[in-house]
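Inspection log for the structure reproduced underneath, given as structure tokens.
The values are calculated or read from the model by the stated rules, or taken from the named source; none is laboratory data. What you see is a predicted model, and the numbers here were worked out from it, not measured in a lab. Here Cβ is always computed from backbone atoms with ideal geometry, including for glycine, and neighbour counts include all displayed protein chains.
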């Protein structure tokens, strides 16, 4: 019969989760806090182009006033940047039937990844294994693919819904367990499950564990994301899918990523004091002036001139402020659980934030597909599989971030030597960096639980 599932947050994790749940026979509704504009019964959703001027509205005719199926690209999600999805995350898209569309509209990594000093001096090259694929794509493009597929299956998107609180009822002889969510506008929604995909500043997590003193942690990393369209024949289009440039002593870096359609997504990062106001992801109105400033900054860092030129020709730029979240021992209380950034902090140093969220989605959808009549069991097994995995990867990510910044030439030498060895290992032995199969892990955990019924109930 399927469950009624409330998803709070319409980002990448929420949209992918809704798609998978709909395919598994459940009724999923995404509640997104961003607003849309309505006029004469039509909905105008601000939709970002990959390049060019400001947001342009896409008009839809909803079936009802506040609940409609729509390609949702909200203001905060419409950031001007690409995203890298590694093989462990792509497996989820393959299972959900959207991988071919993602490959067509993105850039499959059929070239090497390079790591360099900030001046372009090579450190190492990673030649990825043939079955260790990753794809780089514009976030807005990926989001559109996911939401169109989910919408076609009847997933509902409800905008302007800021979560205020929730209450739970336990199962009894006369009723099933349920969750009721209250929104800031005075409306509410009730379902069998509440799955929170509301990001690093998760309101749901705050309400779920009120005494945990668990706030987002500023990493010290601030920077800028941008996108530049290159002309046909530009050498950068055949260079590499991803290139990294680092100055470990001054804690600065530049990353360049080809995302298909002649687009280069890039980020420029350094370490600064935490800003008084967090303005992450909101594009600059005067981006030509900001592009000129960043190009001059890179020249002062002695970065390669072709990189400075690409950034100076940017079509869109947004500032970012990177936060982490400490690992916690539980994500679930009753019929409410967390997913993606809401569940686990994941700094960007290993490029695993999105893929960890996708693994979460894959495991949870798999379990709810197997045991639709026992969601409590699904949430227990979900935690057993995902919490150890994400805690381990988050810690590795933090260690990687710390190792990228050095105080002496000797530390830099040792760090670069480690990178060279890892690059040699990957290239020589066809080593799979991202070898993780979420479906296999589900089978393993279910076998463990079957062998120990008492443990499986915990």
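Here are the numbers for this structure:
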read-out: Single residue of the range 247-262 satisfying the filter (touching a strand residue (DSSP E or B) at 6+ places or on another chain (Cβ under 6 Å) and not in a loop (DSSP other than H, G, I, E, B)) that is surrounded by the most Cβ atoms within 10 Å (Cβ to Cβ); value: 254
read-out: Spans of helices (runs of 4 or more DSSP H) in the range 277-378 with at least 3 residues under 29 Å from residue 8 (Cβ atoms); value: 353-370
read-out: When residues of the range 95-122 are limited to those that are buried (at least 19 other Cβ atoms within 10 Å of the Cβ) and at pLDDT below 80, the one nearest to residue 142 (Cα to Cα); value: 109
read-out: Residue match in the range 401-409 (condition: crowded, with 16+ Cβ neighbours inside 10 Å, modelled with pLDDT under 80, more than 24 Å from the chain's Cα centre (by Cα) and not in a helix (DSSP H, G or I)); value: yes
read-out: From the options 137, 145, residue that is part of a strand (DSSP E or B), at pLDDT below 95 and touching a helix residue (DSSP H, G or I) at 6+ places or on another chain (Cβ under 7 Å); value: 137
read-out: Residue match in the range 352-368 (condition: over 27 Å from residue 3 (Cβ atoms) and in contact (Cβ under 8 Å) with a residue 40 or more places away in the chain); value: yes
read-out: Top-ranked residue in the range 198-246 [being in contact with a helix residue (DSSP H, G or I) (Cβ under 6 Å, 6 or more places away or on another chain) and within 14 Å of residue 325 (Cα to Cα); ranked as surrounded by the most Cβ atoms within 10 Å (Cβ to Cβ)]; value: 198
read-out: Segments classed as strands (runs of 3 or more DSSP E), wholly inside the range 166-245, with at least 1 members that are under 18 Å from the mean Cα position of the chain (by Cα); value: 193-196, 217-229
read-out: All positions within the range 263-272 that are crowded, with 16+ Cβ neighbours inside 10 Å and modelled with pLDDT under 90; value: 269, 270
read-out: Neighbours by Cβ (under 8 Å, 6+ apart or cross-chain): first from the range 277-302, on the phi > 0 side of the Ramachandran plot and modelled with pLDDT of 90 or more; second surrounded by 13 or more Cβ atoms within 10 Å (Cβ to Cβ) and assigned to a loop (DSSP other than H, G, I, E, B); value: 302/118
read-out: Unmet requirement for residue 437, which otherwise passes all of (1) modelled with pLDDT under 95; (2) surrounded by 15 or more Cβ atoms within 10 Å (Cβ to Cβ); (3) closer than 18 Å to residue 94 by Cβ; value: (2)
read-out: Filtered residue count, the range 311-335, keeping only those that are surrounded by fewer than 22 Cβ atoms within 10 Å (Cβ to Cβ) and farther than 17 Å from residue 200 by Cα; value: 5
